[in-house]
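The values are calculated or read from the model by the stated rules, or taken from the named source; none is laboratory data. A quick note: this is a predicted structure, and the numbers were derived from the prediction, not measured. So basically every Cβ, Gly included, is an ideal-geometry build from the backbone, and we count neighbours across all protein chains shown. Just the protein is used for accessible areas: all its heavy atoms, side chains included, with ligands, DNA and RNA removed. Shrake-Rupley method; radii C 1.70, N 1.55, O 1.52, S 1.80 Å.
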Amino acid sequence: TFRVLDVYSGSDLFRMDTGGRQRILDLYSRPDCKQLVVCANQKHGSSSICIQRGSLLDETPSASTPFGEGIAVHGETIFDACFFSLGSNENTCFLLTGSEDCTSKVYLCEKNRIVDYHPLTPQESCVRAVCSSQIDKTSALLVVGGGKLVLQFFLVKL
């Protein structure tokens, strides 16, 4: 179970059953922006991604979680994920994920929801790691690392 706790009050802000195999995959925090992605392995074999941008306390808790139910995105375990941004829209970000199913995908996220995605060139073996480097406000360099020590580089521009 992945949990986010308020250290001052001790209250649970968020709790999610991750299927025992998954973990938090990216957390970015600075005073003006917080981003969190948690991936869960589902019983039927696919993975779900839950995204949070902004403050956990700003969200209205629902019957399930502040992150919603998640969206099925890969057919197998997601090994890594990272955020990057293009442009100056505060409600929009991009998420890069890599999976055991040899695929990596870039997702467009708006207000904590995935609204679109684009698959990248698949690896010969599973994707073990992904990372991004912000070049400027309108472009980013994405790196995808596979299980056979192969790296792929992608330049993304707005």
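A few comments on the model shown:
- Surface accessible to a 1.4 Å probe, K111 within the full protein complex, Å²: 150
- Taking amide hydrogens as placed 1.01 Å from N in the peptide plane, the amide H of L120 sits under 5 Å from those of S104, K105, V106, each at least 5 positions away in sequence or on another chain.
- For the listed peptides 103-109, 87-93, a ranking on the average number of other beta carbons within 10 Å per residue, highest first, reads 103-109, 87-93.
- Length gained when the stretch K137-T1 is fully extended (0.36 nm per residue, less Cα-Cα span): 45.4 nm
- Taking 12 Å as the cut-off, the amide N atoms of segment 87-129 that come nearer than this to a point 7 Å along the Cα-to-beta-carbon line of L158 belong to 87-93.
- Karplus (6.51, -1.76, 1.60) ³J(HN,Hα), θ = phi - 60°, over segment 113-118, in Hz, Gly and Pro reported as x: 10, 7, 10, 7, 8, 9
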